[in-house]
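What follows is a short report on a single structure.
Just so it is clear, none of the values below were taken in a lab; they were calculated from the coordinates. What you see is a predicted model, and the numbers here were worked out from it, not measured in a lab. As a convention, Cβ positions derive from the backbone with ideal geometry for all residues, glycine included, and neighbour counts pool all protein chains shown.
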Amino acid sequence: MVPIKYINFPENKTLVNDISNQLAVNVSGTGYDLIKYDGSLTDDTLVINLNNLKISVIGGFQQGSLDPAMIGKDLQEKLNGMLAINHVLTDSLKFVFDLKVTRFIAIKPIVQYTLPNGYVLLDSVITFPNEIQVTGALSILDTLAFVQTDTLKLGELSYSQNRNVSISRRVIGSDAAISIDSVQMMVNIDQLTEKTFLIEPTKLNVPDSINLLLFPSSVEVIMQVPLSRYDEIMEDGIQLEVDFNDFDPAYPTLPLKLQSWPVQAQKIKLKDERVEMVITKSSE
């Protein structure tokens, strides 16, 4: 088994198939020469120059091949005729190329963690930078919406984390080049605290002929919010409603419906599920 190395790959092309870094060769010689020159074959790397590789177009790719007889000739010269190269045990060495391009591709962070009760993830897990420059095969890069990081396992978190994590090369091809090997992954964790708002329900579908009074006129909306965002979360994002179409003459109450709330709020509840009502005729 002869170790081999390839140099002078065609410019503006990238290899998309796997090629061997060893070559099986059948040789013959005297016992003494086989022992003496064995290392010249099995230890020294044979450098194969691809400068004159003949390339043909097959489908959307380009393919080149090396004649094993030419490789055998190079090996024979390396041995100075002390061993006979009977034949190289392969039909040919094939190289499949695609056009080499450069693209900026988004990074998708992959992280595993758990949170104890009373804690929450702020926003989403982010990386810095959030995209990477990749140079590789056109047929691969133009199908990618993102590249992933390696999986970061953090266990249970009660505080924010900022860790360095490697970029996964699994989908970009072994021949691809990336501008950076790793990124900073930020996982922002915060503790929850309770915040209460007093919200007046919006009245829907009330006939013009009546006045509708609610008791209580305002209802407590209780929610868990991140401690660091406590002052930012306002009642503007809360929409509480009652619908007169839900009126049942047997019950002088209307159900409360919470239609919207701040996106960062957790475990939202109403102090009252229903409100009493008083109906009077409109003076108009």
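Across region 175-182, computed HN-Hα scalar couplings (Karplus, 6.51 cos²θ - 1.76 cosθ + 1.60, θ = phi - 60°) run 8, 6, 10, 10, 6, 9, 8, 8 Hz from first to last residue, x flagging Gly and Pro. Projecting the Cα positions of 2, 48, 106 onto the charge dipole of region 1-154 (unit charges on Cβ atoms of Lys, Arg, Asp and Glu, taken about the Cα centre) puts 106 furthest along the positive direction. With one equal scatterer per alpha carbon and no solvent term, the Debye-computed log10 I(q)/I(0) for region 25-172 at 0.11, 0.18 1/Å reads -0.71, -1.04. The lysines within cross-link reach of residue 195, meaning a Cα-to-Cα straight distance under 23 Å and a gap of 8 or more places when in the same chain, are 257, 267, 269, 271. Relative to the longest principal axis of the Cα atoms of the chain, the long axis of helix 68-78 lies at roughly 60 degrees.
Sort 270, 192, 204 by Cβ crowding within 10 Å, fewest neighbours at the top.
Values: 270 17, 192 20, 204 13.
Ascending Cβ contact count within 10 Å gives the list 204, 270, 192.
Across region 155-171, rounded Karplus estimates of 3J(HN,Hα) from the backbone phi angles (6.51 cos²θ - 1.76 cosθ + 1.60, θ = phi - 60°) give x, 7, 10, 10, 8, 5, 10, 9, 10, 8, 9, 6, 7, 6, 9, 4, 9 Hz, Gly and Pro being marked x.
Average projection, convex hull of the Cα set of the chain: 26.9 square nanometres.
Sort 47, 219 so that the residue with the fewest other Cβ atoms within 10 Å of its own Cβ comes first and the one with the most comes last.
On the way: 47 12, 219 21.
Result, fewest neighbours first: 47, 219.
For region 41-116, the spherically averaged projection of the C-alpha convex hull amounts to 11.0 nm². Using only the alpha carbons of region 45-88, what is the convex hull's orientation-averaged projected area in square nanometres? For the Cα atoms of region 45-88, the hull's average projected area reads 3.9 nm².
Can you give the angle from 0 to 90° between the axis of helix 31-42 and the longest principal axis of the chain, with both taken from C-alpha atoms, to the nearest 10? Roughly 30 degrees between the two axes. Only sites in a loop by DSSP and with at most 13 other Cβ atoms within 10 Å count here; which trypsin sites (Lys or Arg not before Pro) in region 167-222 make the cut? Hits after loop and neighbour filter: 170.
In whole Å, what three semi-axes, largest first, describe the equivalent ellipsoid of region 193-281 built from its Cα gyration tensor (square root of 5 times each eigenvalue)?
Numbers: eigenvalues 167, 27, 20 Å².
So the three semi-axes of region 193-281 are 29, 12, 10 Å.
Taking Cα centre as origin and charging only the Cβ of basic (Lys, Arg, +1) and acidic (Asp, Glu, -1) residues, the dipole magnitude of the chain rounds to 980 debye.
So in the chain, what percent of DSSP beta bridges are antiparallel if you round to the nearest 5? Working shown, then result.
Values: 65 of 79 bridges.
Of all bridge pairs located within the chain, approximately 80 percent are antiparallel.
A straight chain from residue 18 to residue 202 at 0.36 nm per residue would run longer than the Cα-Cα distance by 59.6 nm.
Between the listed residues 115, 234, 164, the Cα displaced farthest toward the positive end of the dipole of the chain, a dipole computed from Cβ unit charges relative to the Cα centre, is found at 164.
Placing unit charges on C-beta atoms (Lys and Arg positive, Asp and Glu negative, everything else neutral), compute the dipole magnitude of region 193-281 about its Cα centre in debye, rounded to 20. Present the calculation step by step, with values, prior to reporting the outcome.
Values: 9 positive and 15 negative charges, 31 e Å.
Dipole of region 193-281, to the nearest 20 debye: 140 debye.
With the alpha-carbon atoms of region 2-98 aligned to their principal axes, the span from lowest to highest coordinate is 51, 20, 20 Å, starting with the largest. When Rg and Dmax are taken over the Cα atoms of region 100-190, they come to 14.8, 50 Å.
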